[in-house]
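Scroll down for the structure; my scribbles are underneath it.
The values are calculated or read from the model by the stated rules, or taken from the named source; none is laboratory data. As the structure is a prediction and not an experimental result, all values here were calculated from the model. Counting neighbours? That spans all protein chains shown, and the Cβs are built from the backbone with ideal geometry, glycine included.
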Amino acid sequence: MDEKVEALSNLIDKIVKKEILLPDFQRKFIWKEEEKQGRLIASVLAKMPIGSILLLDSDAKDYAYKMLGCRERKTYKELEMDGKILALLDGQQRVTVLTNAFSNVIFDMAKKSSNLINRTGLQRRFFLRIPKYERMEGEVEDFFQVRKLQFPLEDAEKEEPKFLSDDIYEAIKIISFNANSDECYNPFKEKESTKSDLINYCTSGKEYLIPLFWLTGKNTMGLSTVLKRISENICLDIIEEYDSIENEKKSIFEKNIISDKVSEVMPNESFKEKLDAQASEWENNIRSYLVSCLNNIQLHQIIVDNSKRARAINIYENLNEGGVSLGTFELVMARFASESDENYYDKIEKYMKKKRKYPEAIYNEQLKNNENVRAKLTSEKYIATIDMGCIENKNGEPVNTYIDAYLNVMSLYSYAGLFNPDDIKSELIKKTKY
């Protein structure tokens with residue numbers, strides 16, 4: 001077992017390169033709530049710890065995989081991958097939300113809305129709200145001191161902010177979109193003007209918006225343009241107020257706006273020149289701060305070799321005590337998926353929900369003598385697995401007792417072949433020889 005820490009930005013790079021994939025046996029994406037996603041993003045922006053993830057160091061041929069946030073399963077041939085793959089066992093929810101919020105990666109990989117693993121939870125764009133110079137009712141707090149263009153930290157990259165995640169949460173704007181909509185922030189919109197439209201959208205409303213999904217990838221220059229446009233607009237508002245006040249009060253106004261550092265470096269320059277220099281510094285600082293949120297937030301990783309899958313499963317269960325367990329059943333499904341075009345969950349669910357007529361060979365004396373039960377079993381409409389509660393009502397997946405029985409049968413079959421009664425022994429129920 002290997003343990004290390006790595007920047008969130010590096011993790012996103014590995015997802016882009018398909019070095020980290022979601023194994024086909026992983027459970028569904030369930031973090032659909034907007035508030036839950038927003039609070040995770042707030043933790044990152046406040047430079048708070050965001051936990052650990054569990055990875056299985058596997059061979060690309062071991063399982064079938066999904067690209068993060070994508071519905072379509074792919075074999076190693078389809079992914080054009082060979083050699084080692086890091087399969088994400090624990091942390092799917094957090095990593096999916098973070099990748100979706102701080103990059104365009106999931107939309108690029110999915111290519112179309114229908115291939116998203118969950119459209120409701122992923123068709124969202126995340127922005128950071130910045131107040132305008134003119135004060136308005138209901139505005140967000142000026143966490144980054146844009147009104148004076150004086151960034152509140154000396155070292156934007158290394159220092160921790162004074163605000164906490166609960167504070168900055170109010171400054172996060174989450175916008176849901178429809179795949180067919182024409183909004184400029186829709187990643188599936190195919191128009192050359194989208195980038196410039198988004199810059200105008202972010203800088204011309206009642207408040208300024210910084211697109212967090214431009215913090216990584218090819219659109220970082222677009223982020224710089226947004227920040228520059230914001231600072232230029234604030235400069236214009238400040239100059240307009242400066243020009244409107246009486247001359248004897250201008251020095252007081254200038255002292256309130258221009259930092260001591262800029263005044264010392266540029267003692268003889270005009271107010272506008274000093275302000276422009278300060279604006280440029282503010283742009284660099286807020287960009288450095290936001291990028292550092294991805295680079296300096298260390299995501300603890302636990303990496304387990306594929307030969308120690310049982311240990312990886314045990315670690316998963318310890319990390320998720322009280323949650324949905326991951327076990328041998330999922331690994332069986334994954335192995336099946338690497339050799340078949342079908343998803344094992346879909347295949348087994350189809351058989352579990354199939355209406356069928358049950359042969360008399362399965363009847364014991366009690367069943368043979370019970371006319372009501374016999375009528376059900378011979379009706380060709382009865383579904384025993386549903387009637388017996390083998391499928392959970394909440395998420396439609398097999399219950400643990402059904403899975404245990406299935407694995408017992410699989411283990412017996414693996415050891416004893418086609419069930420020679422003399423070969424069947426209770427000690428062969430191991431669940432490890434699949």
Please list, ordered by first then second residue, the pairs with beta carbon atoms under 6 Å, 6 or more apart or interchain, first in the stretch 52-70 and in contact (Cβ under 8 Å) with a residue 60 or more places away in the chain and polar (S, T, N, Q), second buried (at least 23 other Cβ atoms within 10 Å of the Cβ) and not in a loop (DSSP other than H, G, I, E, B).
Ser58/Ile85; Ser58/Ala87
Residues in the stretch 215-224: is at least one under 23 Å from the mean Cα position of the chain (by Cα), on the phi < 0 side of the Ramachandran plot and not in a helix (DSSP H, G or I)?
yes
Please count how many residues of the stretch 74-85 are surrounded by fewer than 19 Cβ atoms within 10 Å (Cβ to Cβ) and part of a strand (DSSP E or B).
2
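Per-residue answers, yes or no, for (1) touching a residue at least 12 places away in the same chain (Cβ under 8 Å); (2) outside any helix (DSSP H, G or I); (3) buried (at least 18 other Cβ atoms within 10 Å of the Cβ):
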| site | (1), (2), (3) |
| --- | --- |
| Phe188 | yes, yes, no |
| Ser196 | no, no, no |
| Cys202 | yes, no, yes |
| Phe213 | yes, no, yes |
| Leu227 | yes, no, yes |
| Glu232 | yes, no, no |
| Leu236 | no, no, no |
| Glu241 | yes, no, no |
Go through the stretch 268-297 residue by residue and tally those that are among the small types (Gly, Ala, Ser), under 21 Å from Ile257 (Cβ atoms) and in a helix (DSSP H, G or I).
3
Hey, could you check the stretch 382-414 for residues that are polar (S, T, N, Q) and modelled with pLDDT of 75 or more and say which is nearest to Arg356 (Cα to Cα)?
Thr385
Do we have any residue at all in the stretch 243-258 that's crowded, with 17+ Cβ neighbours inside 10 Å, out of contact with any His (no Cβ under 6 Å at 6 or more places or on another chain) and hydroxyl-bearing (Ser, Thr, Tyr)?
no
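Residues are listed down the side, and each one gets a yes or a no for (1) within 21 Å of Leu122 (Cβ to Cβ); (2) more than 14 Å from the chain's Cα centre (by Cα); (3) not in a strand (DSSP E or B):
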position	(1), (2), (3)
Val5	no, yes, no
Asn10	no, yes, yes
Trp31	yes, no, yes
Leu88	yes, no, no
Asn100	yes, no, yes
Met109	yes, no, yes
Every residue in the stretch 111-146 that is aromatic (Phe, Trp, Tyr), touching a residue at least 40 places away in the same chain (Cβ under 8 Å), in a loop (DSSP other than H, G, I, E, B) and touching a strand residue (DSSP E or B) at 6+ places or on another chain (Cβ under 9 Å), please.
Phe144
Please work out which residue is modelled with the highest pLDDT, limiting yourself to the stretch 273-314 and to residues that are among the β-branched types (Val, Ile, Thr) and either closer than 28 Å to Ile210 by Cα or surrounded by fewer than 18 Cβ atoms within 10 Å (Cβ to Cβ) (or both).
Ile286
Counting only residues that are part of a loop (DSSP other than H, G, I, E, B) and either in contact with a Ser or Thr (Cβ under 8 Å, 6 or more places away or on another chain) or of a type in the set (S, T, N, Q) (or both), which one in the stretch 48-61 is modelled with the highest pLDDT?
Met48
Kindly check whether there is at least one residue in the stretch 64-71 that is surrounded by fewer than 17 Cβ atoms within 10 Å (Cβ to Cβ) and under 24 Å from Met221 (Cα atoms).
no
Just to be sure, is Asp166 under 27 Å from Ile50 (Cβ atoms) and assigned to a loop (DSSP other than H, G, I, E, B)?
no
